[in-house]
Structure formats: C-alpha cells, structure tokens
Amino acid sequence: QVQLVESGGGVVEAGGSLRLSCAASGSIFIINAMGWYRQAPGKQRELVARISRVGTTNYLDSVKGRFTISRDIAKNTVYLQMNSLKPEDTAVYYCNMVVVGMDYWGKGTLITVSS
C-alpha cells in the first residue's frame, strides 16, 4: 500500500502564489509518474501537471507558464508551485502517483482564489 499526504492548500488572493507538496509513504518500489489533478465544483477532474519517471513534464494549457511541477525523488515527494493564481484555479487539488502501474491518490486539498 502507498499513502499520499498533501499539504499547502488554502485561500489566496488573485495574483498570489501557493506551493503544494505531496509525500508518498508505504510500499514504494518504482514511481512511474507523479502528478496533480484538480476538480472544481460541478466539473470533472482534470490533469493539471504531470512529471514522468524520466522527468518529462506536461501541463494543462491554462496553467502553462504559471504552474511548475517538480519532485524530490529521494523523498518521494512531488511539488506544485502555483503563481499568478486566478479565481478559475479554485478547486480541490489531488496528488496522484503511479507506482508499479497502480494509481494512488491523495485525499485532496482545497485551494480558493479570491478575486
């Protein structure tokens, strides 16, 4: 079993910044990918950013240039630096890791961007 614990959510004014962290613990052998998803009220969950085992990143178009995903492999931790936040970024953000082909999810952390 793998457990993911997120931190760093909260309330921020438009234009502000937040940094999310997600640490994995448990039976971790190979992490194939790490990523962040979000789900706004009434909307489907969407991929925000992802980093592969070899370091390839991809981003949701609407966050390109504002969000940066990074990782600390030794700590089994993934980060999401979010700058220039907009009200439309308001959502519950979920950490995701693919470990030996299986998906694991954090419980989610709420980010509210006020206008």
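Okay, here's what the table says:
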| item | result |
| --- | --- |
| Residues of type lysines that residue 64 reaches as a straight line, Cα spacing below 18 Å, ignoring anything fewer than 8 places off in the same chain | 86 |
| Lys, Arg +1 and Asp, Glu -1 on Cβ, resulting dipole of the chain about Cα centre, debye, nearest 20 | 140 debye |
| Computed E for residue 25/residue 88 - FRET, C-beta separation, R0 30 angstrom, nearest 0.05 | 0.40 |
| Modelled label reach - residue 112, point 7 Å along Cα→Cβ, the stretch 8-27 residues with backbone N closer than 18 Å | 8-19 |
| Accessible area of the chain divided out per residue, in Å², using a probe of 1.4 angstrom | 54 Å² |
| With every protein chain in place, the chain: carbon and sulfur % of accessible area (1.4 Å) | 50 percent |
| Normalised alpha carbon radius of gyration of the chain [divisor 2.2 N^0.38 Å] | 1.01 |
| Residues in the stretch 72-105 that a label on residue 17 would reach, taking backbone N under 17 Å of a point 7 Å out along Cα→Cβ | 79-86 |
| Relative contact order (percent, whole number), the chain, Cα cutoff 8 Å, 6+ residue spacing | 37 percent |
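The values are calculated or read from the model by the stated rules, or taken from the named source; none is laboratory data. The model shown is predicted, which means the values in this text are computed figures rather than measured ones. No Cβ is skipped: glycine too gets one built from the backbone with ideal geometry, and neighbour counts run over all protein chains shown. What goes into the accessible areas is simple: the full protein's heavy atoms, side chains included, and nothing from ligands, DNA or RNA. Shrake-Rupley method; radii C 1.70, N 1.55, O 1.52, S 1.80 Å.
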